[in-house]
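Visitor: Let me begin by handing over the structure; questions about it come next.
The values are calculated or read from the model by the stated rules, or taken from the named source; none is laboratory data. All of these numbers come straight from a predicted model, not from anything done at the bench. So basically every Cβ, Gly included, is an ideal-geometry build from the backbone, and we count neighbours across all protein chains shown. Note: areas computed on protein heavy atoms with side chains; ligands, DNA, RNA excluded. Shrake-Rupley method; radii C 1.70, N 1.55, O 1.52, S 1.80 Å.
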Amino acid sequence: MAASLSYFSGVSLSATEKPSIPSLSTSHNRRVCFSNSSRNKHKHHDCVSLSSRWKPPCTARAIKIVAAAQKEPLKVMIAGAPASGKGTQCELIKNKFGLVHISAGDLLRAEIATGSENGKKAKEFMEKGMLVPNEIVVMMVKERLMKPDVEQNGWLLDGYPRSLSQAMALENLGIRPDIFILLEVSDELLVERVVGRRLDPVTGKIYHLKYSPPENEEIASRLTQRFDDTEEKVKLRLKTHYQNVESVISLYESVMFKVNGDVSKEEVFSEIDKGISAILENKRTVDSASMAAGVAQ
Ligand code: AP5
């Protein structure tokens, strides 16, 4: 059976009897379909319609039962002070685990670029290093989280939630992370990272003049700097961060994974990789157990 990424796996088995209808249950992440294996790609409602077309048991006929476990995609949040390395690590996480990267800051900058009223209002707050009001940012993130690519591949939420009210907006939708990564970096390093940060508008890649310089002159000549990347503004952003971070952390204590962000980006990623891989392994074990329990019914 084909597996897409690490989130899908299944087993096929043959049976000569029709399983009881309860085993068709599609408890949140498991589907059991009757028919040929190609049907296992169908959605839950397809499986239900197959069951409703079920004919009385025929002992002469071997029925192939395909039990497939549709595992819930991975859900990761990453938090940390301004310039702690969230964007840098997201790039590496996305490349390895195939998650959809949703950065609240990037969504806001894209809105600013459209010249919309919301964008203009957002910029006023960002220039002061303050949080953009919830009525702008919450809906933006929620809408992105509902897109099909996110549902299919899982998400990597960067810079959201930043306050208890934002976290509660997700809780109310039943949206929780499997792991909440917190990057810890000392304040002196943060200021240095902010003022040296440059962005490539063509590739979106994040550089640092000292720690991660551009590969060649052509790239160097087109690099840009964010309007809020000044020493003065990062101090305001840091203040806002420290005012809010504790309330967010308290909500995700049980899935918290703290990482020392003071070291090189490769070393930081190595730690994050271990944390996410452990979560994935755990999800696999749980899903296999629930699948086995379903087959045994
Ligand atoms: P946002 O864009 O999210 O900014 P931020 O949180 O301040 O974080 P940064 O993007 O500045 O840094 P980063 O942690 O991604 O670090 P990076 O990897 O780039 O938000 C901007 C503003 O939007 C906020 O101030 C707020 O106004 C508003 N906003 C955003 N979300 C909001 C929300 N939820 N609600 C309300 N308002 C919201 O790295 C930084 C530099 O360091 C780079 O140059 C990089 O090359 C370098 N670097 C990275 N890692 C290392 C390393 N290990 N060693 C050496 N250098 C490194």
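Visitor: Given (1) aliphatic (A, V, I, L, M); (2) under 21 Å from D106 (Cβ atoms); (3) modelled with pLDDT of 95 or more, identify the lone condition not met by V234.
Guide: Here V234 meets the rest and fails (3).
Visitor: So which residues in the stretch 131-158 are within 11 Å of the ligand (Cβ to nearest atom) and assigned to a loop (DSSP other than H, G, I, E, B)?
Guide: Result: L131, V132, P133.
Visitor: Counting just the residues of the stretch 183-239 that are assigned to a strand (DSSP E or B) and without any contact (Cβ under 8 Å) to a residue 40 or more places away in the chain, which one comes out farthest from the chain's Cα centre (by Cα)?
Guide: Narrowing the stretch 183-239 to residues assigned to a strand (DSSP E or B): 183-184, 197-199, 206-208, 212, 224.
Keeping just the survivors that are without any contact (Cβ under 8 Å) to a residue 40 or more places away in the chain gives 198-199, 207-208, 224.
Details: R198: 25, L199: 22, Y207: 23, H208: 25, T224: 27 Å.
The selected residue is T224.
Visitor: Further question: Looking at the structure I just gave you, is T240 loosely packed, with under 13 Cβ neighbours inside 10 Å and among the β-branched types (V, I, T)?
Guide: no
Visitor: Another question about this same structure. Applying the selection to the stretch 257-271, what residues are of a type in the set (V, I, T), under 18 Å from the mean Cα position of the chain (by Cα) and open to solvent by 50 Å² or more (accessible area, probe 1.4 Å)?
Guide: None - no residue of the stretch 257-271 is of a type in the set (V, I, T), under 18 Å from the mean Cα position of the chain (by Cα) and open to solvent by 50 Å² or more (accessible area, probe 1.4 Å), so the list stays empty.
Visitor: May I ask you to list the residues in the stretch 121-130 that are within 20 Å of T230 (Cβ to Cβ) and either in contact with a Ser or Thr (Cβ under 8 Å, 6 or more places away or on another chain) or outside any loop (DSSP other than H, G, I, E, B) (or both)?
Guide: Passing the criteria: A122, K123, E124, F125, M126, E127, G129, M130.
Visitor: Now, a different point. Looking at (1) away from the ligand (no atom under 11 Å from the Cβ); (2) open to solvent by less than 50 Å² (accessible area, probe 1.4 Å); (3) farther than 22 Å from D106 by Cα, which is the only condition G174 fails?
Guide: It fails just one condition, (2).
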